[in-house]
Amino acid sequence: MDGEEEVHVLLVTLPKQGHINPMLRLAKRLVSKGLHAVLATTENERHRLLHFKASVTQQTNPPKTPTISLEFFSDGLSDEFDREKYLESSIESLQTIGSKNLSNLITKLKTKCNKISCIITNPFMPWVPGLAEEHGIPCAVLWIQASAVYFIYSNYFKHPYLFPSLDNPNDAVELPGMPMLLVKELPSFILPSSHICLTKLVSDFVQMLDKVKWILGNSFNELEKEIVGSMGSLQQIIPIGPLVPPFLLGEKEIIAASMDLCRPEDYCIEWLDKKPPSSVIYISFGSLIVMTQNQIDSIATALRKSCRQFLWVVKPPEKGCSKRSGEFPPGFLEDTKERGLVVKWCPQEKVLMHQAVACFMTHCGWNSTLETIATGVPVIAYPHWTDQSIDAKLLVDILKIGVGMKNEEDGTLSVDEVEKCIMEMTDKNTATEMKKRAIFFKEAAKKAVANGGSSDRNLDTFINEIQGKSF
């Protein structure tokens with residue numbers, strides 16, 4: 001950037017791993033194109049990011065080489081405060097006290113950097129665009145879910161006449177550019193069962209869009225072409241993804257630091273190394289979901305009967321949980337020890353890249369969805385809440401690279417349903433066809449972020465716009 005004015009971008013995110021990771025990956029993309037990036041989140045996340053901060057600051061970068069730096073601001077609550085249990089209070093404190101502290105941080109950064117060319121915020125911090133406006137800084141949102149979910153939320157709050165009453169879960173919803181949906185398949189934050197503060201959070205996001213100049217999407221044109229083309233009067237989303245680790249796309253890491261929050265031994269990979277190609281069912285439902293005892297029993301029983309090899313990540317139940325949860329059926333671990341491995345955590349990206357993995361039984365969180373697309377792995381889709389039902393719909397009904405695993409009417413998961421899905425995904429003809437389609441979208445993802453690809457061009461356009469203005 002010799003001879004050019006330095007461009008500094010502030011990226012603000014909630015302190016959740018699923019929110020931080022795509023924002024950090026966007027920061028790395030910006031740095032690779034010559035911009036300076038500051039990633040800011042709340043103080044209670046500081047201790048989890050210290051290893052990343054150290055690895056960034058210890059690099060011997062020449063003067064003025066674009067860098068990523070970390071900043072923290074207080075949300076007004078102590079480290080000991082249970083933000084999950086008292087969700088409404090934590091959201092309120094972040095908006096009232098956290099916003100003041102972030103404003104002070106912005107003032108400090110403006111002095112240090114001369115100017116901030118853009119603030120990129122998390123969509124679930126809907127007060128940040130107003131703060132950016134007060135400071136005279138243009139604002140962008142990084143939409144961290146599927147473009148289809150943005151489309152549904154925006155239409156729901158701007159064009160509610162498109163939706164039936166949401167009281168009947170089996171009522172149909174027809175939106176342009178999307179397959180027919182049932183009410184129960186809509187993102188859970190707008191359903192009557194959602195916590196009112198989460199519904200308000202999404203409503204506030206839609207209402208503040210007039211203060212936002214760009215909506216950057218963690219997706220790519222080839223993945224959601226019809227949805228992106230059906231935005232109509234809605235503010236357009238600009239796909240710049242997939243924001244996944246570069247090594248999944250055949251690229252080198254720009255910054256060697258990893259956001260893995262724990263580093264287990266590589267025995268998961270060593271175990272996979274001993275398995276034949278496309279022989280292992282990988283099972284993981286993300287970092288937040290704790291499975292019910294019924295779900296564990298049904299999946300374990302189906303695995304035992306199937307005789308298939310598997311790698312299963314099981315999050316332990318919450319401390320002090322009174323319900324029977326997290327226990328395996330008697331004899332399951334002993335009976336399957338020669339063909340199965342059960343762990344509390346594993347390096348998911350490396351697992352999905354491994355040739356031994358045949359399919360991925362997943363909750364369909366958007367980060368996991370993009371990772372499975374980037375690695376060309378078919379799925380058994382078992383969504384739980386928030387945006388996951390839409391992601392499952394995309395994978396199963398639109399991309400046709402998986403099967404859906406559904407609960408019974410009473411909400412339980414049957415052994416027969418798990419068995420049926422495993423059989424379908426391991427059937428030679430079905431599996432081969434799905435694998436071909438999965439590889440097609442894997443290659444499309446690589447092309448999108450490569451030099452001159454659709455997402456790369458979109459990101460260049462965004463950068464040119466923020467570089468060409470003075471604020």
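The values are calculated or read from the model by the stated rules, or taken from the named source; none is laboratory data. In this text the structure is predicted, and so the values were computed from the model without any measurement. Backbone-built Cβ (ideal geometry, glycine too); neighbour counts: all protein chains shown.
Looking only at residues of the stretch 367-386 that are modelled with pLDDT of 95 or more, not in a helix (DSSP H, G or I) and not β-branched (Val, Ile, Thr), we find that the one that is surrounded by the fewest Cβ atoms within 10 Å (Cβ to Cβ) is Gly376. For the stretch 186-238: of the residues being outside any loop (DSSP other than H, G, I, E, B), touching a helix residue (DSSP H, G or I) at 6+ places or on another chain (Cβ under 9 Å) and basic (Lys, Arg), which is farthest from Ile398 (Cα to Cα)? Only one residue tops the list, namely Lys211.
From the list Lys350, Lys337, which one is closer than 16 Å to Tyr267 by Cβ, basic (Lys, Arg), in a helix (DSSP H, G or I) and at pLDDT 90 or above? Lys350 is the lone residue from the list that is closer than 16 Å to Tyr267 by Cβ, basic (Lys, Arg), in a helix (DSSP H, G or I) and at pLDDT 90 or above.
Here Thr65 fulfils each of the conditions (1) modelled with pLDDT under 95; (2) under 27 Å from Ser219 (Cβ atoms) apart from (2).
State yes or no: is Val149 of a type in the set (Val, Ile, Thr), within 22 Å of the chain's Cα centre (by Cα) and assigned to a helix (DSSP H, G or I)?
In short, yes.
A count restricted to the stretch 421-440 and to residues that are surrounded by 15 or more Cβ atoms within 10 Å (Cβ to Cβ) and farther than 16 Å from Ser279 by Cα stands at 3.
Checking each residue in the stretch 396-441 for being among the charged types (D, E, K, R) and in a helix (DSSP H, G or I) picks out Asp397, Asp416, Glu417, Glu419, Lys420, Glu424, Lys428, Glu433, Lys435, Lys436, Arg437. Within the option set Lys442, Lys420, Lys447, Lys436, being modelled with pLDDT of 95 or more and under 20 Å from the mean Cα position of the chain (by Cα) holds for one residue only, Lys442. All conditions in (1) surrounded by 14 or more Cβ atoms within 10 Å (Cβ to Cβ); (2) of a type in the set (S, T, N, Q); (3) more than 21 Å from Ile227 (Cβ to Cβ) hold for Ser147, with the sole exception of (3). Selection of first residues in the stretch 165-179 that are on the phi < 0 side of the Ramachandran plot and of second residues that are among the small types (Gly, Ala, Ser) and surrounded by 16 or more Cβ atoms within 10 Å (Cβ to Cβ), restricted to Cβ pairs under 7 Å at least 6 apart or on distinct chains, gives the following pairs, ordered by first then second residue: Pro176/Ser230; Met178/Ala148. Please name all residue pairs, on different chains or six or more residues apart, with Cβ atoms under 6 Å, provided the first residue is in the stretch 198-213 and is in the same structural domain as Phe124 (by TED's automatic domain parsing) and closer than 12 Å to Gly130 by Cβ and the second residue is modelled with pLDDT of 95 or more and of a type in the set (A, V, I, L, M). From residues that are in the same structural domain as Phe124 (by TED's automatic domain parsing) and closer than 12 Å to Gly130 by Cβ, the pairs are Val212/Val141.
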